[in-house]
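Here is the structure we will look at.
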Amino acid sequence: MKNIVILISGRGSNMEAIVRAQIPGAKIAAVISNRPDAAGLAFAASHGIAAQVVDHKAYPSREAFDAALAETIDAHQPDLVVLAGFMRVLTDGFVGRYNGRLLNIHPSLLPSFPGLHTHQRALEAGVRVAGTTVHFVTPTLDCGPIVIQAVVPVLDGDDEAALAARVLVQEHRIYPQAVRWFVEDRLSLTADGKVRVTDEPAGPAGWTVPPVEG
Ligand code: GRF
């Protein structure tokens, strides 16, 4: 079993998609929010998942908050930490601690439109396709090595809400997929910072060596 800790700040629909995917070999050990009023906490609690709050407002600095957050996360011995709409910039120390086991989803085709107001900026730029990206987290915001992306068209008359909704459908598809790869030991970050995704194992028993004839 791989322990997964999911960090949220609000609605938590990506967290919900990952929980609902019921990935074999994955245990959602905890859902942690930096906001006490995050709607996603209720979903987690109602599914028997530890739902915890580490309120950033209770800490005097980013470092102090990140230290408290890491302590709460580490109590669950996570193999993977998943940022799912977690709206805090993390310190380099925090990111380094979870190097290779920290994923984020961003609602754009990175490296285009990192940061806030992604959809609005995409519409203003007049792009004809938008999308979403799951990536390993590195110290620079929304810039880490890309794991998986999905593309959606931008349609005439789209506003921010319409585009966001179309992208969100794809977020709910690719984030569970990325988590599944990680849990199956098929996704990793190499020492030189490249994403490695390996093929599906050859069968239920995993890789098998064909018997030698004769
Ligand atoms: C998603 O669009 C995600 O890509 C972005 O924030 C939004 C969070 O939505 N980082 P939810 O909380 O998962 O519903």
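Coordinate-derived values only; no laboratory data. Note that the structure is a prediction, hence the values are computed from the model and not measured. Using ideal geometry, Cβ is built from the backbone for each residue, glycine included, and neighbour counts are taken over all protein chains shown.
Observations on the model:
- Candidates Ile32, Ile49, Ile105, ranked by Gaussian network fluctuation over the chain, Cα under 10 Å, top entry: Ile49
- Partner aspartates and glutamates whose Cα lies under 20 Å from the Cα of Lys57, excluding those fewer than 8 positions away in the same chain, are identified as Asp37, Asp66, Glu71, Asp92.
- Annotation for Tyr59 and Arg11: the two label points, set 7 Å from Cα along the Cα-Cβ direction, are 2.6 nm apart.
- Proximal aspartates and glutamates relative to Lys27, as straight alpha-carbon distance under 12 Å, when same-chain residues fewer than 8 apart are discounted: Asp79
- Between His119, His47, His135, the Gaussian network model of the chain with springs among Cα atoms under 10 angstrom shows the greatest mean-square fluctuation at His47.
- Prolate/oblate/rounded label for the chain (Cα gyration tensor, a/c 1.5): oblate
- Electrostatic dipole magnitude of the stretch 56-102 [Cβ: Lys, Arg +1; Asp, Glu -1; Cα centre; debye, to 20]: 160
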